[in-house]
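Everything on this sheet refers to the single structure shown next.
The values are calculated or read from the model by the stated rules, or taken from the named source; none is laboratory data. Owing to the predicted nature of the structure, the values given are computational and were not obtained by experimental measurement. Backbone-built Cβ (ideal geometry, glycine too); neighbour counts: all protein chains shown.
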Amino acid sequence: MENPRYMKEKNMGTAMTEAATLVRAYYGSWQNGIATFDKERLTEILAEDLDFEGSIAGKRRGAAGFIIGLQRFVEGLKSPIQVQQQVEADDLAAVLYDAEIPGGSMRFAEFFRVEHGRIASIKLLYDAAQYRALGGR
């Protein structure tokens, strides 16, 4: 089912891809910390059967469980994340960002696939040992 709320937008005269629009909405729902964490918005843009893969969590299926894990991560942020780069092509997107967690700054990379107007999969890459050493949870 298409999600009309997050269909293509115009950005400086250029049409954004659906993937770009959804990924921006995804980060917009949590990047500034727990005070602005928007579970409802995440529920709207993530596929119910979301496929997630992360360095610590491994492979998981389902948006509900993912949102719980994301909320735990966001609770530990010391400041808004800093997006370094975002690229999109058709139904794919990738984002490189830095996050300030309890013990210091870390770099993360996320890879997205969009289907039927929602984010269908997320692959999160980072150094799990560094994350744990810096107090990540």
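The single residue among 15, 57 that is modelled with pLDDT under 95, surrounded by fewer than 20 Cβ atoms within 10 Å (Cβ to Cβ) and closer than 18 Å to residue 92 by Cβ turns out to be 15. Taking the listed residues 113, 107, 41, 118, the one that is modelled with pLDDT of 95 or more, farther than 20 Å from residue 18 by Cα and surrounded by 14 or more Cβ atoms within 10 Å (Cβ to Cβ) is 107, with no other qualifying. Could you tell me whether residue 66 is among the aromatic types (Phe, Trp, Tyr), modelled with pLDDT of 95 or more, farther than 20 Å from residue 93 by Cα and under 14 Å from the mean Cα position of the chain (by Cα)? Here the answer is no, as residue 66 does not meet what is asked. Against the test of being assigned to a helix (DSSP H, G or I), of a type in the set (D, E, K, R) and free of Cβ contacts under 8 Å to residues at least 40 places away in the same chain, the options 110, 40, 44, 100 yield a single qualifying residue, 40.
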